[in-house]
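This report concerns only the one structure given below.
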Amino acid sequence: MSVRRTILASCLLAAAFLSACARRNAITEEPLATAPADAVVLEVENHNWADIVLYVVHDGVHTRFAQVAATQNVSMKIPPQLHGQMGVIRIAARRIGGLDSFVSQAISLRGNASVRFTIESNLARSSVGVW
């Protein structure tokens, strides 16, 4: 039985010695690379007789985005910093020289979304579509 104890003690001593000599490598975590935001195109069709100022509402902040001339059609990209933390925005419009305005429902921006905003002569009848 003393031979077994000697072998067991030798194995435990060797294991302790090897684990003490093992080199410790520092584990560093690199931040996950964020994927670049996909391009979101806003297509605006203005049927109003007045120039319209567009705003992007994201995270509770209204940011003036563009101005669309009367009866004009424009296409522009919405910059990633205006996409909001969760990728949810609203499009708001205000007629220059008037008191009427429009705010869309929440729009979820996913992938290469395209948003079409049709501005009517009565801003309350304007519409937004996403595809």
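The values are calculated or read from the model by the stated rules, or taken from the named source; none is laboratory data. This one's a predicted model, so the numbers in the text were calculated from it and none came from an experiment. Every residue, glycine as well, gets a Cβ built from its backbone with ideal geometry; the counts of neighbours run over all protein chains shown.
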Would you check if Ala93 is farther than 21 Å from Gly129 by Cβ and surrounded by 16 or more Cβ atoms within 10 Å (Cβ to Cβ)? no
In segment 107-120, which residues are modelled with pLDDT under 95 and outside any strand (DSSP E or B)? Leu109, Arg110, Gly111, Asn112, Ala113
Only one of Ile91, Ile107, Ile78 is of a type in the set (Val, Ile, Thr) and in contact with a Phe, Trp or Tyr (Cβ under 6 Å, 6 or more places away or on another chain), namely Ile91
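Do you know which residues across segment 69-94 are assigned to a strand (DSSP E or B) and without any contact (Cβ under 8 Å) to a residue 40 or more places away in the chain?
Asn73, Val74, Ser75, Met76, Lys77, Ile78, Val88, Ile89, Arg90, Ala92
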